[in-house]
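Below: one structure, written as structure tokens.
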Amino acid sequence: MKKLTALLLISALSVGALVGCGSSDSAKPAEGAQTASTEGEGTSAEATTFDEIKANGYITFATEGTYAPYSYHDEDDKLVGFDVEVAQAVAEKLGVEARFTETQWDGIIAGLDAKKYDAIANQVSITEERQQKYLFSEPYTYAYGAVVVKGDNDSISSFEDLDGKDVALTVTSNWAEVAESYGGTIVSTSGFSESIQLVIQGRADATVNDNVTFLDFKANQPDADVKIVATSDEATESAILIRQGDDDLQAAINDALKELRDDGTLKSISEKYFGEDITSPN
């Protein structure tokens, strides 16, 4: 699994490029949302971000708002999603209100640098490069590479079994590189939806993606005749991103996440959106 682990690290670094969408380069506040001031009224110049959050009574999270099932608008145009509910639960533990600023992925971290919001809750993968410049909370999402086959397929039970098999994938994806490293022959598709359909139709033996993408698919199409037969040993971890220097806010968010994990809230939110718990490592 060493070569798969290395490739998964590459995949983690490219997650941001895959999830960004929208047409505006500027941050767009959600209806009713406000941007937290960097100097709350009545606070001293020495006040920390967390001091200001407590004084103001709210914490502002950045999120895309166009990235289902993590952060999106429902049929009533209400901002909802897995990351949204996790952020709201964290805020409740902090004793404040959660407010959200919606912005494109390609500008979301720059907005944190500019202090347009206090933190980012948008499936930000933990990478060494980011850890040099920012603080992360403890992970609240663990995604593993997964081999997906048709329900009656008993010939594939591991990544190694992809050798000589037809694997439906986008040829430019990191997952195609993973499949090819195990000897798989790529059947080119436009994305996961087409890949999974080729597997169901028997026109490909398997596809490879992260297990969370598959769980989201199954949550929406529970009767689809496909299954996961193997997962990677290493996970891509996602967490709340915080500015360097906001150590007290990081500690408070970590305490909140621990309470939410211990009382079952994180698991409950995960099962609502994915049917399984993706908030703890396998």
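The values are calculated or read from the model by the stated rules, or taken from the named source; none is laboratory data. Because the structure is predicted, anything quoted here is derived from the model rather than measured. Virtual Cβ from ideal backbone geometry, glycine too; neighbours counted across all protein chains shown.
Has region 104-112 got any residue that is assigned to a loop (DSSP other than H, G, I, E, B) and either closer than 16 Å to T63 by Cβ or of a type in the set (A, V, I, L, M, F, W, C) (or both)?
For region 104-112, residues assigned to a loop (DSSP other than H, G, I, E, B) and either closer than 16 Å to T63 by Cβ or of a type in the set (A, V, I, L, M, F, W, C) (or both): present.
Name the pairs whose Cβ atoms lie under 9 Å apart, with the first residue in region 164-185 and within 16 Å of R203 (Cα to Cα), the second of a type in the set (K, R), and 6 or more positions between them or separate chains?
D166/R203; A168/R203; G184/K165; T185/K165
T48 fails exactly one of the following numbered conditions: (1) at pLDDT 50 or above; (2) surrounded by 16 or more Cβ atoms within 10 Å (Cβ to Cβ); (3) in contact with a helix residue (DSSP H, G or I) (Cβ under 9 Å, 6 or more places away or on another chain). What is the number of that condition?
(2)
So the check is Cβ under 6 Å with 6+ separation or different chains; which pairs have a first residue in region 97-115 that's farther than 17 Å from A239 by Cα and a second one that's assigned to a strand (DSSP E or B) and of a type in the set (D, E, K, R)?
E102/K28
Which residues, taken from region 52-96, are in contact with a strand residue (DSSP E or B) (Cβ under 6 Å, 6 or more places away or on another chain), assigned to a helix (DSSP H, G or I) and touching a residue at least 24 places away in the same chain (Cβ under 8 Å)?
I53, D83, V84, A87, A91 - these are the residues of region 52-96 that are in contact with a strand residue (DSSP E or B) (Cβ under 6 Å, 6 or more places away or on another chain), assigned to a helix (DSSP H, G or I) and touching a residue at least 24 places away in the same chain (Cβ under 8 Å).
Any residue that is more than 16 Å from the chain's Cα centre (by Cα) and charged (D, E, K, R) - is there at least one of those in region 116-126?
Yes, that holds for at least one residue.
Residues checked against (1) under 20 Å from W105 (Cα atoms); (2) in contact with a Cys (Cβ under 7 Å, 6 or more places away or on another chain); (3) buried (at least 22 other Cβ atoms within 10 Å of the Cβ):
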residue: T63; (1), (2), (3): yes, no, yes
residue: T66; (1), (2), (3): yes, yes, no
residue: H73; (1), (2), (3): yes, no, no
residue: V80; (1), (2), (3): yes, no, no
residue: V84; (1), (2), (3): yes, no, yes
residue: A87; (1), (2), (3): yes, no, yes
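Only one of these conditions is not met by I269: (1) farther than 20 Å from A98 by Cα; (2) in the same structural domain as I109 (by TED's automatic domain parsing). Which number is it?
Unmet for I269, out of (1) farther than 20 Å from A98 by Cα; (2) in the same structural domain as I109 (by TED's automatic domain parsing): (1).
Which of the following residues is of a type in the set (S, T, Y) and not in a helix (DSSP H, G or I): T213, T207?
T207
Given the options L260, L241, name the one that is part of a helix (DSSP H, G or I), in contact with a helix residue (DSSP H, G or I) (Cβ under 7 Å, 6 or more places away or on another chain) and in contact (Cβ under 8 Å) with a residue 40 or more places away in the chain.
When all the criteria are applied, what remains is L260.
Among the numbered conditions (1) in contact (Cβ under 8 Å) with a residue 24 or more places away in the chain; (2) surrounded by 13 or more Cβ atoms within 10 Å (Cβ to Cβ), tell me where K267 comes up short.
Condition not satisfied by K267: (1).
Looking at this structure, is E129 within 23 Å of K267 (Cβ to Cβ) and in a helix (DSSP H, G or I)?
Here the answer is no, as E129 does not meet what is asked.
Within region 234-243, identify whether any single residue is surrounded by fewer than 17 Cβ atoms within 10 Å (Cβ to Cβ) and either out of contact with any Asp or Glu (no Cβ under 9 Å at 6 or more places or on another chain) or closer than 15 Å to A91 by Cα (or both), and answer yes or no.
no
How many of the residues making up region 166-197 are of a type outside the set (A, V, I, L, M, F, W, C), farther than 17 Å from T213 by Cβ and either touching a Ser or Thr at 6+ places or on another chain (Cβ under 7 Å) or part of a strand (DSSP E or B) (or both)?
3
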